[in-house]
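Laboratory data are not the source of any read-out in this text; all were calculated from the coordinates shown. The structure presented is a predicted model; accordingly, all values stated were derived computationally and were not measured. Cβ placement follows ideal geometry from the backbone for every residue including glycine, while neighbour counts extend to all protein chains displayed.
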Amino acid sequence: MADACCGTDTPTPAPSAAEPAAPPAAVWQVRELQAAAASGVLLLASFFLPGPWDTAGELAALLVGAATFVPGTLRGLLKGRLGVGLLMTIAAVGAVALGEYGEAATLAFLFSIAEGLEGYAVARTQHGLRALLDLVPPTATVRRGGTESEVAAADLRVGDILLVKPGERIATDGVVFSGRSALDTSVVTGESVPAEVGPGAEVFAGSVNGAGALEITVTATAQDNSLARLVHIVHEAQERKGASQRLAQKFAQPLVPGVLVLAALIATLGSLFGDPGVWIERSLVVLVAAAPCAFALSVPVAVVAAIGAASKAGVLVKGGAAVEALGKVKVVALDKTGTLTRNEPQVIDVVPVAGTDRARVLSVAAALEARSEHPLAAAILAAVDTSALTPGDDVEAVPGNGLTGTVVGGKARLGKPGFIEPGPLADDVQRLQDAGATVVLVEHDRALLGAIAVRDEIRPEAAEAIQALRGQGIRVVMLTGDNARTAAAIGAAAGIDDVRAELLPEDKAHIVTELRAQGAVAMVGDGINDAPALATADAGIAMGAMGSDVAIEAADIALMGEDLRRLPDAIAHTRAARRVFTQNLLMSGGILVALVPLAATGVLGLAAVVASHELAEVLVIGNGIRAGRKKHLPAHPALRAAHKPVPHARIPVQPTGDTAARPAAKVLLPLSTAPTPTAAPKAGGGCCDGCRS
C-alpha cells in the first residue's frame with residue numbers, strides 16, 4: 001500500500017459478476033495490522049528484557065513491522081517506482097546503521113499500522129459497491145423448450161424465459177413477457193417505492209419481485225446486466241482523478257526523489273561543517289518527516305468513500321473530477337421534457353361545442369390517430385376505450401398542422417388552431433394554451449366538434465427540488481426547445497423564474513457557456529438530445545438513466561431513478577465531500593511543512609517524527625471515510641402515487657349517431673391551475689419538444 005498511496009500502483013481490475021463480494025475483513029483480521037500488533041508487542045517487551053535481549057527484541061519488532069512494506073517497496077523499485085515506502089526503508093536502514101534499533105522498530109511499527117488502516121479503509125468503502133453483485137441470486141428458474149429448470153445465474157442466455165416467483169430477486173435484466181407485479185428497485189434506482197410492472201415493462205437485475213409471478217424475457221447476461229455495468233462504470237470512475245487528487249499526486253510523486261536529494265545534501269553539508277553522526281541522523285529523520293503519503297491519500301480515500309455512498313443511493317458519480325465539479329456548482333440548467341416533466345403527455349381536458357359530447361370528440365380524434373406513433377396520439381388513445389375502435393380511412397398527415405382522413409364515411413380533420421378555426425371555442429383554446437397545454441381541434445363532416453388539451457405534466461416533486469436548490473444558494477435556469485408559452489407555464493409551476501424557450505441543441509450549449517461566467521454550471525438532461533449542453537457544462541447530469549448506456553456515458557453524473565429531489569441531494573453530498581478533501585489537503589500539507597524544518601534542525605527526533613507523520617496519515621484516512629456518510633442522501637417520502645394520472649373510466653368509442661341522448665362522460669384529469677405567463681404568446685401550445693404544434 002505504500003506505493004499505492006502515491007498513485008503508482010497498477011489499477012485493480014473491476015469486479016465481475018462471477019466474483020463474490022467478500023466483505024472487508026474485521027480490523028483484527030487485516031494482515032498488516034496483525035503484523036503491527038506483533039511488532040508492538042515485541043517492541044514493548046524489549047523495554048523489559050535484560051542485556052542484549054532488548055536489542056534482539058527491537059530487531060525482531062523491526063523485521064515484523066518492515067515485512068508489511070519493504071517487500072512491496074523493493075518490487076516497486078525494480079520497476080522504477082519511487083514510493084513513500086522507499087523513504088521509510090532507507091530511514092529504517094539508516095537508523096539501524098546508527099545503532100538506533102528502537103527508533104527503527106518504532107518507525108516500522110507505526111508505518112505498518114498506517115498501512116493496515118489504509119487498506120482497511122479502501123476495502124470498506126469499496127465493499128458497498130461490490131456487494132451489489134451479491135444481489136443477483138446464484139440460481140434462476142428458466143423455461144427452455146417448454147421445460148422448466150433451475151440454472152446458475154451465470155448460465156442465463158439472451159432470449160431465455162425467466163420465471164420469477166413472488167419475493168424472489170430478478171437474476172438479470174429483461175422485459176416482462178407475462179404477469180403483473182410490483183418491484184422493489186431501490187437497489188438500482190434509489191427509489192423506495194415499488195414500481196408497477198406488466199407485459200412490455202423493462203426490469204433490472206437485483207430488483208425484488210412483489211406479490212405477482214412474472215415471466216421475463218432475458219435481454220442481458222449476468223456479466224452484462226445493469227448491476228454488472230454499474231459496478232464496472234463506478235470502478236472505472238474511481239480511477240478518474242479530480243483536480244485536488246491530481247494536485248496531491250503531482251506534489252507527492254516528485255517529492256520522493258526531491259526528499260532523497262535534500263537528505264543527501266543535509267548529510268553531506270552537515271558532515272563538512274559539523275559532526276557527521278549528528279547530521280546523518282538528521283538527514284534520516286528528514287526522510288521520514290517528508291514522506292508525502294498522508295498528502296497523497298488525502299483525496300483518493302475520500303473520493304472512493306463519496307462515490308460508494310452515492311452509488312448506493314442511486315446517484316452514479318463518475319470519479320473525483322465529477323465529485324469536485326458537482327460540489328462547486330453555482331448554477332443548474334434543467335431541460336424541461338423528461339426532467340422537469342414526466343415525458344408522458346396526457347389528455348387533461350376536452351371541450352366540446354354545444355350539442356356535442358366529449359365522447360364523440362375523442363372518438364373521432366382516436367380514429368384519426370389510431371395508427372400514429374406521435375406522443376399526442378398516444379395520449380388521445382390512452383383516454384378512450386380502443387377495443388371497439390375502427391381506424392379512419394385515407395388518413396394523411398399535414399406537416400406542421402395535423403391529420404386529415406375519413407371516419408365512418410365522413411371527412412374528418414384534427415390539428416392545431418389555425419389549421420382548424422376554433423370559432424366558439426377560441427376563449428377555451430386560449431385558456432388551455434396559457435396553462436401550457438397543446439390544443440388540437442377536431443372536425444367531422446365540416447363541423448367543429450371540440451378541442452382536446454394534452455400536456456406533459458410536471459413532476460410532483462419538481463417544485464420541492466427547485467426550492468431545495470435555491471436553499472443551497474444555486475441559481476436555476478430552464479432550457480427547452482418547446483414554445484415560450486408552454487415553457488413559461490411549466491417554469492411557473494416549478495418555481496423557476498429564468499426560462500429560456502424555443503432553443504436548438506446548440507443554443508442550449510451556448511447558453512451554458514454564458515452561464516459559466518456566473519460560476520460552475522450543472523446541466524441536467526436526458527443524456528442524448530442534450531449532449532452538447534451536457535458536454536459543455538462543468539457537470540453533466542443524466543436524469544433517470546437506469547438501463548441507458550447512452551445516458552450514463554454522456555454525463556458525468558447519472559441519477560438512476562426518476563426522483564428529481566436526488567439532484568439537490570447529490571449536490572449537497574459532493575459539497576460535503578469537497579469539504580473533506582480540503583480539510584485533508586490542508587491538514588496533511590501543514591503537517592508536512594512543519595515537520596521537515598523541525599527534523600532538519602534537530603528539534604524533533606526520529607521517534608517523534610515517525611509518530612507525528614503516521615498519526616497524520618491515520619487522521620487523513622479517518623477523515624476521508626467521513627465523505628462516505630449518507631447524511632445528505634436521505635430516503636424521501638413516496639411520490640409514485642402522484643406520478644400516476646387520476647383513475648378515470650375510458651370513454652367508449654362512439655363516432656356516429658345522435659349525440660343528444662348520450663351522457664357527457666367526465667373522464668379526464670382536472671386542469672391544474674397555473675399562472676398566465678408574461679412571455680409573448682406563440683400560436684399553439686406544446687406538450688413536449690417537437691409536438692405537431
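Under a plain spin-label model, where a point goes 7 Å from the Cα along Cα-to-Cβ, how far apart in nm are ASP497 and ARG144?
That separation, rounded to one decimal, is 6.4 nm.
Using a Förster distance of 22 Å, how high is the FRET efficiency between GLN223 and SER178, based on the Cβ-Cβ distance and rounded to 0.05?
Values: r = 26 Å, r/R0 = 1.20.
Once rounded, the FRET efficiency stands at 0.25.
State the Cα centre-to-centre distance between region 575-603 and region 323-377 in whole Å.
56 Å
Would you mind computing, in nm to one decimal, how far apart the modelled labels at ASP394 and LYS631 are, each placed 7 Å from Cα along Cα→Cβ?
With each label point 7 Å from Cα toward Cβ, the separation is 7.2 nm.
Suppose the chain between LYS79 and ALA56 were pulled fully straight at 0.36 nm per residue; how much longer would it get relative to their current alpha carbon spacing? Please list the in-between numbers first.
On the way: separation 23, 0.36 × 23 = 8.28 nm, distance 3.32 nm.
My answer for the length gained is 5.0 nm.
At R0 = 41 Å, how high is the FRET efficiency between VAL618 and ALA463 if r is their beta carbon distance? Nearest 0.05 is fine. Walk me through the numbers before you get to the answer.
Numbers: r = 45 Å, r/R0 = 1.11.
Once the sixth-power term is evaluated, E becomes 0.35.
Could you give the length gained by full extension between ARG371 and GLU196, i.e. 0.36 nm per residue of separation minus their alpha carbon distance, to one decimal place?
On the way: separation 175, 0.36 × 175 = 63.00 nm, distance 2.68 nm.
Answer, rounded to one decimal: 60.3 nm.
Under the Karplus relation 6.51 cos²θ - 1.76 cosθ + 1.60, θ = phi - 60°, what is the ordered set of whole-Hz ³J(HN,Hα) values for region 265-274, x standing for Gly and Pro?
5, 4, 5, 5, 5, x, 5, 6, 10, x
Just list whichever of LYS330/LYS508; LYS165/LYS336; LYS336/LYS416; LYS312/LYS508; LYS165/LYS312 have alpha carbons separated by over 27 Å in the model shown.
Values: LYS330/LYS508 17 Å; LYS165/LYS336 39 Å; LYS336/LYS416 22 Å; LYS312/LYS508 31 Å; LYS165/LYS312 25 Å.
Where the Cα-Cα span goes over 27 Å, the pairs concerned are LYS165/LYS336; LYS312/LYS508.
If I model a spin label at ASP275 and ALA97 as a point 7 Å from the Cα along the Cα→Cβ vector, what separation in nanometres do I get?
So the two model labels end up 1.9 nm from each other.
Considering Cα pairs under 8 angstrom that are at least six residues apart, work out the relative contact order of region 300-453 and quote it in whole percent. Show your work: numbers first, answer last.
Numbers: 212 pairs, mean separation 31.0, N = 154.
This gives 20 percent for region 300-453.
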